[in-house]
Amino acid sequence: MLLAMSDEHADFGHPASSRFGTGLAEAPLVLSQELANTIGIDHLPELVDLLGQVDTAQHWIDAVVPHWCASFGAGDPHLVVTATELPRLRAVRDALRSVIGKAEDPRGDALIAGTAAIAVTRAGAHLEPVGSGASWLASAIAVEAASAHAQDSFRRLKLCHQQRCGVAFYDRSKNNSRVWHDTATCGNQVNSRAHRARRREQSS
């Protein structure tokens, strides 16, 4: 196993994902889900892009990164967000969302590249992100993805198929078949639209 999460810190706050009422992903995809869910929702003004302004981005970093580092035994890089760094942080997020998006998405060949330090002990191998700012974040996401792929769990991190949503969720279903982050809301909306469309076709 490339990454091991400490149970002591497993239940840290997830301010981005909690806004959407979706459960937290299993290790080692916690940070990836959080980053993917920093998006804003256009038709819901109260759900702002957490990487849209320096203050909201710094608040998210401060809430998530130190706990993630403690959970995975990594050194806290003490990231400081600047106006210059904001577009780089969003670029990492966009690449991640493209990677976990629909298979037919033409942006699905996006690349998340990072650098990691590798430590090998009798207990196993440990990867630790290297870099600063957005480059550290990209490295942390790449480390998570590498570990999740090794556990065959990366495919369970998905984006909601509701066009106006796109919330990242972790699919815990046995056959990995979920497509909505919340069936009661997004699933019902899509199904209701499909039902109305069928009725219109039948009546024409």
Would you kindly find the accessible area of Val30, with a 1.4 Å probe and non-protein molecules such as ligands, DNA and RNA excluded, rounding to the nearest 10 Å²? 0
Of Lys158, Lys174, Lys102, which has the most accessible area and how do the rest follow, probe 1.4 Å? Lys174, Lys102, Lys158
Just subtract the alpha-carbon distance of Thr84 and His59 from 0.36 nm times their residue separation and send over the number in nm, one decimal. 7.3 nm
So with the 1.4 Å probe, I'd like the accessible area per residue for the stretch 24-149, rounded to whole Å². 46
Quick check on the stretch 88-164: take the gyration tensor over C-alpha atoms, sort the square-rooted eigenvalues as a ≥ b ≥ c, and tell me if it's rounded (a/c under 1.5), prolate or oblate. oblate
Trp68, Trp180, ranked by accessible area, largest first (probe 1.4 Å): Trp180, Trp68
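The values are calculated or read from the model by the stated rules, or taken from the named source; none is laboratory data. Predicted model only: the values in this text are computed from it and were never measured. These accessible areas exclude ligands, DNA and RNA; they are computed on the full protein's heavy atoms, side chains included. Shrake-Rupley method; radii C 1.70, N 1.55, O 1.52, S 1.80 Å.
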